[in-house]
Amino acid sequence: MPSSTQNINDSKLAALCAKQDRNAQKLLYQQFYGQMMSVCMRYASSKDEAGEMLNDGFMKVFAHIQEYKPEHSLQGWIRRIMVNNAIDAFRRNRQYAHQLDIEAAEEVNVSPDVIEHFAAEDIIRIIQDLPPVYKVVFNLYAIEGYSHKEIADQLQITESTSRANLAKARAKLQLIIKETEPTIYERYAK
(Lines give C-alpha, C1' and ligand atoms only; values in the text may rest on other atoms or scores of the structure.)
Protein backbone atom coordinates (compact mmCIF):
# COMPACT_ATOMS: atom_id res chain seq x y z
CA MET A 1 0.00 0.00 0.00
CA PRO A 2 1.41 3.41 -0.86
CA SER A 3 2.56 5.52 2.05
CA SER A 4 -0.03 8.18 1.10
CA THR A 5 -2.69 6.20 3.00
CA GLN A 6 -0.58 5.01 5.92
CA ASN A 7 -0.68 6.86 9.23
CA ILE A 8 -3.26 9.45 8.17
CA ASN A 9 -5.92 11.00 10.38
CA ASP A 10 -9.61 10.16 10.15
CA SER A 11 -10.67 13.27 8.24
CA LYS A 12 -7.96 12.76 5.59
CA LEU A 13 -8.85 9.07 5.35
CA ALA A 14 -12.54 9.93 4.87
CA ALA A 15 -11.66 12.56 2.24
CA LEU A 16 -9.59 10.01 0.30
CA CYS A 17 -12.40 7.46 0.54
CA ALA A 18 -14.84 10.09 -0.80
CA LYS A 19 -12.54 10.38 -3.84
CA GLN A 20 -12.91 6.60 -4.35
CA ASP A 21 -9.27 5.94 -3.40
CA ARG A 22 -9.21 2.12 -3.18
CA ASN A 23 -6.17 2.06 -0.88
CA ALA A 24 -7.89 4.44 1.53
CA GLN A 25 -11.07 2.38 1.42
CA LYS A 26 -9.07 -0.76 2.16
CA LEU A 27 -7.31 0.97 5.05
CA LEU A 28 -10.59 2.25 6.52
CA TYR A 29 -12.10 -1.23 6.25
CA GLN A 30 -9.07 -2.81 7.93
CA GLN A 31 -8.90 -0.15 10.61
CA PHE A 32 -12.55 -0.50 11.69
CA TYR A 33 -13.27 -4.12 10.76
CA GLY A 34 -12.81 -5.61 14.24
CA GLN A 35 -14.78 -2.98 16.12
CA MET A 36 -17.65 -3.00 13.63
CA MET A 37 -17.73 -6.79 13.43
CA SER A 38 -18.25 -6.77 17.22
CA VAL A 39 -21.18 -4.39 16.77
CA CYS A 40 -22.70 -6.59 14.07
CA MET A 41 -22.15 -9.79 16.09
CA ARG A 42 -24.31 -8.39 18.88
CA TYR A 43 -27.25 -8.01 16.49
CA ALA A 44 -26.76 -11.07 14.28
CA SER A 45 -27.75 -14.68 14.81
CA SER A 46 -24.56 -16.07 13.32
CA LYS A 47 -21.10 -15.03 12.19
CA ASP A 48 -22.24 -15.29 8.56
CA GLU A 49 -25.17 -12.96 9.21
CA ALA A 50 -22.85 -10.55 11.05
CA GLY A 51 -20.49 -10.64 8.06
CA GLU A 52 -23.36 -9.75 5.74
CA MET A 53 -24.40 -6.88 8.04
CA LEU A 54 -20.80 -5.69 8.19
CA ASN A 55 -20.32 -5.72 4.43
CA ASP A 56 -23.70 -4.04 3.90
CA GLY A 57 -22.72 -1.44 6.46
CA PHE A 58 -19.38 -0.72 4.84
CA MET A 59 -21.08 -0.37 1.45
CA LYS A 60 -23.28 2.32 3.05
CA VAL A 61 -20.22 3.92 4.66
CA PHE A 62 -18.47 4.21 1.31
CA ALA A 63 -21.65 5.37 -0.45
CA HIS A 64 -22.17 8.17 2.09
CA ILE A 65 -18.62 8.96 3.24
CA GLN A 66 -18.89 12.48 1.81
CA GLU A 67 -21.53 13.16 4.52
CA TYR A 68 -19.01 12.51 7.31
CA LYS A 69 -18.22 15.66 9.31
CA PRO A 70 -14.53 15.79 10.37
CA GLU A 71 -15.40 17.42 13.70
CA HIS A 72 -17.05 14.13 14.74
CA SER A 73 -15.51 10.75 15.44
CA LEU A 74 -15.17 8.63 12.31
CA GLN A 75 -15.50 5.51 14.44
CA GLY A 76 -18.73 6.84 15.97
CA TRP A 77 -20.10 7.77 12.56
CA ILE A 78 -19.36 4.31 11.16
CA ARG A 79 -20.75 2.64 14.30
CA ARG A 80 -24.00 4.57 13.90
CA ILE A 81 -24.30 3.32 10.32
CA MET A 82 -23.70 -0.27 11.49
CA VAL A 83 -26.35 0.02 14.22
CA ASN A 84 -28.84 1.56 11.80
CA ASN A 85 -28.04 -1.19 9.33
CA ALA A 86 -28.79 -3.78 12.04
CA ILE A 87 -32.10 -2.04 12.77
CA ASP A 88 -32.92 -2.13 9.04
CA ALA A 89 -32.14 -5.86 8.95
CA PHE A 90 -34.40 -6.39 11.94
CA ARG A 91 -37.23 -4.48 10.25
CA ARG A 92 -36.83 -6.57 7.07
CA ASN A 93 -37.12 -9.74 9.15
CA ARG A 94 -39.82 -8.41 11.48
CA GLN A 95 -42.38 -11.07 10.56
CA TYR A 96 -40.16 -13.62 12.30
CA ALA A 97 -39.69 -11.52 15.43
CA HIS A 98 -41.41 -12.35 18.68
CA GLN A 99 -42.83 -9.36 20.52
CA LEU A 100 -44.45 -9.14 23.92
CA ASP A 101 -46.26 -6.34 25.65
CA ILE A 102 -45.35 -5.11 29.14
CA GLU A 103 -47.91 -7.38 30.83
CA ALA A 104 -45.82 -10.40 29.79
CA ALA A 105 -42.61 -9.06 31.34
CA GLU A 106 -41.08 -10.78 34.33
CA GLU A 107 -38.99 -9.20 37.07
CA VAL A 108 -35.31 -10.06 36.80
CA ASN A 109 -33.06 -10.00 39.85
CA VAL A 110 -29.43 -10.49 38.96
CA SER A 111 -26.49 -8.32 39.82
CA PRO A 112 -24.68 -6.51 36.98
CA ASP A 113 -21.44 -7.85 38.53
CA VAL A 114 -22.22 -11.29 37.07
CA ILE A 115 -21.40 -10.11 33.56
CA GLU A 116 -17.89 -9.04 34.62
CA HIS A 117 -16.94 -12.70 35.04
CA PHE A 118 -17.50 -13.53 31.38
CA ALA A 119 -15.16 -12.92 28.46
CA ALA A 120 -16.38 -10.58 25.72
CA GLU A 121 -16.79 -13.55 23.35
CA ASP A 122 -19.01 -15.32 25.92
CA ILE A 123 -21.20 -12.25 26.31
CA ILE A 124 -21.58 -11.90 22.53
CA ARG A 125 -22.44 -15.60 22.25
CA ILE A 126 -25.01 -15.32 25.03
CA ILE A 127 -26.59 -12.26 23.43
CA GLN A 128 -26.67 -14.05 20.07
CA ASP A 129 -28.80 -16.77 21.66
CA LEU A 130 -31.59 -14.28 22.35
CA PRO A 131 -34.61 -14.12 20.02
CA PRO A 132 -34.15 -11.35 17.43
CA VAL A 133 -36.43 -8.72 18.95
CA TYR A 134 -34.99 -9.22 22.45
CA LYS A 135 -31.47 -9.00 21.06
CA VAL A 136 -32.14 -5.76 19.17
CA VAL A 137 -33.90 -4.07 22.09
CA PHE A 138 -31.25 -5.25 24.58
CA ASN A 139 -28.40 -3.98 22.38
CA LEU A 140 -30.04 -0.65 21.65
CA TYR A 141 -30.89 -0.03 25.31
CA ALA A 142 -28.02 -1.62 27.26
CA ILE A 143 -25.14 -1.19 24.82
CA GLU A 144 -25.99 1.76 22.58
CA GLY A 145 -27.79 3.80 25.27
CA TYR A 146 -31.05 4.43 23.42
CA SER A 147 -34.14 5.33 25.45
CA HIS A 148 -37.30 3.23 25.19
CA LYS A 149 -38.90 6.08 23.22
CA GLU A 150 -36.01 6.07 20.71
CA ILE A 151 -36.19 2.28 20.43
CA ALA A 152 -39.94 2.41 19.92
CA ASP A 153 -39.52 5.01 17.17
CA GLN A 154 -36.70 3.09 15.45
CA LEU A 155 -38.44 -0.30 15.57
CA GLN A 156 -41.97 1.05 15.12
CA ILE A 157 -43.22 -0.54 18.34
CA THR A 158 -44.69 0.94 21.52
CA GLU A 159 -42.53 2.01 24.45
CA SER A 160 -44.22 -0.61 26.64
CA THR A 161 -43.32 -3.29 24.10
CA SER A 162 -39.72 -2.08 24.19
CA ARG A 163 -39.70 -2.30 27.99
CA ALA A 164 -41.28 -5.76 27.92
CA ASN A 165 -38.79 -7.03 25.38
CA LEU A 166 -35.90 -5.68 27.46
CA ALA A 167 -37.28 -7.39 30.55
CA LYS A 168 -37.67 -10.67 28.66
CA ALA A 169 -34.14 -10.32 27.24
CA ARG A 170 -32.75 -9.86 30.74
CA ALA A 171 -34.75 -12.85 32.00
CA LYS A 172 -33.40 -15.01 29.18
CA LEU A 173 -29.86 -13.78 29.79
CA GLN A 174 -30.27 -14.62 33.47
CA LEU A 175 -31.46 -18.11 32.59
CA ILE A 176 -28.55 -18.66 30.19
CA ILE A 177 -26.06 -17.47 32.81
CA LYS A 178 -27.69 -19.66 35.44
CA GLU A 179 -27.44 -22.71 33.17
CA THR A 180 -23.92 -22.10 31.86
CA GLU A 181 -22.25 -20.70 34.99
CA PRO A 182 -24.28 -21.73 38.05
CA THR A 183 -21.45 -20.92 40.48
CA ILE A 184 -21.10 -17.35 39.23
CA TYR A 185 -24.89 -16.97 39.10
CA GLU A 186 -25.36 -18.12 42.70
CA ARG A 187 -22.60 -15.82 43.92
CA TYR A 188 -24.11 -12.68 42.36
CA ALA A 189 -27.87 -13.33 42.18
CA LYS A 190 -29.79 -11.06 44.52
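The values are calculated or read from the model by the stated rules, or taken from the named source; none is laboratory data. None of these values were measured; they are calculated from a predicted model. FYI the Cβ positions are ideal-geometry reconstructions off the backbone, even for glycines, and counts take in every protein chain you see. The accessibility values were calculated without ligands, DNA or RNA, using every heavy atom of the protein model including side chains. Shrake-Rupley method; radii C 1.70, N 1.55, O 1.52, S 1.80 Å.
How many nm is it between the label spots at Ser38 and Ile124, if each spot is 7 Å from the Cα in line with the beta carbon?
Between Ser38 and Ile124, the simple spin-label model gives 0.8 nm.
Determine, from the Cβ-Cβ distance of Ala63 and Ile143 and an R0 of 22 Å, the FRET efficiency 1/(1 + (r/R0)^6), rounded to the nearest 0.05.
Once the sixth-power term is evaluated, E becomes 0.30.
I'd like the accessible area for Thr180, computed on protein heavy atoms only with a 1.4 Å probe and all protein chains in place. Round to 10 Å², please.
Only protein atoms counted, so the area is about 60 Å².
Working out 0.36 nm times the residue gap between Gln30 and Lys47, then minus their Cα-Cα distance, what length gain in nm do you get to one decimal?
Details: separation 17, 0.36 × 17 = 6.12 nm, distance 1.77 nm.
Stretched fully, the Gln30-Lys47 segment lengthens by 4.4 nm.
So what does Ile143 come to for accessible area, using a 1.4 Å probe and Å² rounded to 10?
Near enough 70 Å² of accessible area.
Run the numbers for Asp153 and His72: contour at 0.36 nm per residue of separation, minus the present Cα-Cα distance, in nm. Mind dumping the intermediate values first?
On the way: separation 81, 0.36 × 81 = 29.16 nm, distance 2.44 nm.
Length difference between fully extended and current span is 26.7 nm.
Karplus couplings for the range 53-64 from phi (6.51 cos²θ - 1.76 cosθ + 1.60, θ = phi - 60°), rounded to Hz, Gly and Pro as x?
Values, residue by residue: 4, 4, 5, 4, x, 5, 4, 5, 4, 5, 6, 10 Hz.
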